[in-house]
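Engineer: Mind having a look at this structure? Questions to follow.
The values are calculated or read from the model by the stated rules, or taken from the named source; none is laboratory data. Keep in mind the model is a prediction, meaning the values are calculated, not measured. Cβ placement follows ideal geometry from the backbone for every residue including glycine, while neighbour counts extend to all protein chains displayed. Accessible surface is based on the protein model in full, side chains and every heavy atom, while ligands, DNA and RNA are left aside. Shrake-Rupley method; radii C 1.70, N 1.55, O 1.52, S 1.80 Å.
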Amino acid sequence: MLSNTLAKSCMRSRPLFMASRPMAAFSTGTYDNILVDKKEGGVALVTLNRPKALNALCYALFEDLNDAMMQLDKDPEVRAIVLTGSEKAFAAGADIKEMEPRMYPDTYMTDMLTWWDQLNTLKTPVIGAVNGYALGGGSELAMMCDILLAGEDAKFGQPEVNLGVIPGMGGTQRMVRAIGKSRAMELCLTGDMMGAEEAASRGLVSRVVPVDQLVDEAIKVGAKIAKKSAPSIAMAKECCN
Ligand code: CAA
């Protein structure tokens with residue numbers, strides 16, 4: 001279980017908040033913690049790629065993700081984005097080792113999580129393809145996507161309560177809206193996980209897909225969207241959200 005060694009990819013020294021960080025030049029495949037692949041048919045595939053830490057959302061990963069997403073959003077060739085993780089984990093939450101030393105006044109005064117929801121500012125639709133653990137911030141990141149497909153082994157949960165904190169990135173609101181108050185509160189207050197079939201039956205995800213077809217299926221959805229009028233898609237997305 002959780003040890004005290006930080007994965008190398010997140011050991012770069014960086015400020016504790018970085019909402020105003022300038023954009024790096026974009027080229028696919030140049031990030032430490034994510035992979036970016038522009039597919040044919042107007043779809044970009046973004047893969048969280050920090051396998052040793054189950055894609056825990058460290059600052060460096062979010063910095064990479066925000067940067068890539070903003071660049072893809074501005075790219076006229078990209079009309080839909082698929083966001084995925086690994087078979088074992090979409091993302092196991094915020095990076096607990098980075099969170100551990102921080103106290104509330106510090107996180108509040110430095111707007112620690114402000115730049116986490118940059119995904120919500122995109123005009124391009126984002127399709128989440130979730131398999132394995134989507135916990136805490138990982139579940140919250142998934143719920144920021146516009147459409148969610150789940151692999152058969154997906155597990156959603158808000159286990160922050162086990163760490164003595166609460167969901168920090170909208171889990172309490174988005175989970176309640178997605179699956180209703182009672183079951184959402186059960187997840188948030190017990191830290192239990194919910195499997196893919198239940199997530200589909202409660203409307204958190206569109207459908208459950210065999211694991212080996214998950215990303216392809218999400219790309220197909222993206223390609224279908226990519227054929228429609230971009231302004232109509234952007235406006236429909238904004239209105240739904
Ligand atoms: N942060 C940092 N590292 C994590 C992590 C996390 N959230 N989750 C897993 N890891 C790391 C582990 O430390 C371990 O690394 P080492 O090999 O270096 O020890 C590696 O990933 C593999 O993890 P496990 O050995 O624990 O794997 P497992 O299969 O036995 O268990 C798990 C998987 C049930 C997901 C377990 O890792 C776990 O419970 N992780 C924590 C989940 C969690 O509490 N998430 C919420 C974080 S708080 C948050 O997200 C706040 C917010 O709302 C913004």
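Engineer: Sorted by mean Cβ packing within 10 Å, highest first, what order do the peptides 166-177, 112-123 take?
Structural biologist: Details: 166-177: 18.6, 112-123: 15.8.
Result, highest mean first: 166-177, 112-123.
Engineer: Report the charge-dipole magnitude of the chain in Debye, nearest 20, computed about the Cα centre from +1 at each Lys and Arg Cβ and -1 at each Asp and Glu Cβ.
Structural biologist: 380
Engineer: Could you list, in their original order, any pairs among K123/K228; K74/K237; K155/K237; K39/K237; K52/K220; K38/K228 whose Cα atoms are separated by more than 20 Å? Working shown, then result.
Structural biologist: On the way: K123/K228 14 Å; K74/K237 16 Å; K155/K237 26 Å; K39/K237 22 Å; K52/K220 29 Å; K38/K228 18 Å.
Result: K155/K237; K39/K237; K52/K220 exceed 20 Å.
Engineer: Sorted by mean Cβ packing within 10 Å, highest first, what order do the peptides 180-193, 81-94 take?
Structural biologist: Numbers: 180-193: 15.1, 81-94: 24.8.
So the peptides 180-193, 81-94, ranked by packing, come out 81-94, 180-193.
Engineer: Also, quick follow-up: Quick one: pull the percent of accessible area on the chain belonging to carbon and sulfur, 1.4 Å probe, ligands and nucleic acids left out.
Structural biologist: Working: 6740 of 12080 Å².
With neighbouring chains kept in place, the figure for the chain is 56 percent.
Engineer: What share of all Cα pairs of segment 86-241, in percent, falls into each consecutive 5 Å distance bin?
Structural biologist: Per 5 Å bin, starting at 0, the Cα pair percentages come out as 2, 9, 18, 21, 19, 16, 10, 4, 2, 0.
Engineer: With every protein chain present, what is the per residue accessible area of the chain (1.4 Å probe, Å²)?
Structural biologist: Numbers: 12080 Å² over 241 residues.
Accessible area per residue, the chain: 50 Å².
Engineer: Ok, one more. Starting at the first residue of segment 91-99, write each ³J(HN,Hα) from the Karplus equation 6.51 cos²θ - 1.76 cosθ + 1.60 with θ = phi - 60°, in whole Hz, x for Gly and Pro.
Structural biologist: 6, 8, x, 4, 6, 4, 5, 7, 6
Engineer: Lys and Arg at +1, Asp and Glu at -1: add these up for the other residues within a Cβ distance under 14 Å of D192 and post the number. Please report the intermediate quantities before stating the final value.
Structural biologist: On the way: positive: K155, R183, R202; negative: E160, E186, E198.
The answer is 0.
Engineer: Any idea what the relative contact order of the chain is, in percent, if you count C-alpha pairs under 8 Å spaced at least 6 apart? Please list the in-between numbers first.
Structural biologist: Values: 449 pairs, mean separation 44.5, N = 241.
Once divided by the residue count of the chain, the mean separation gives 18 percent.
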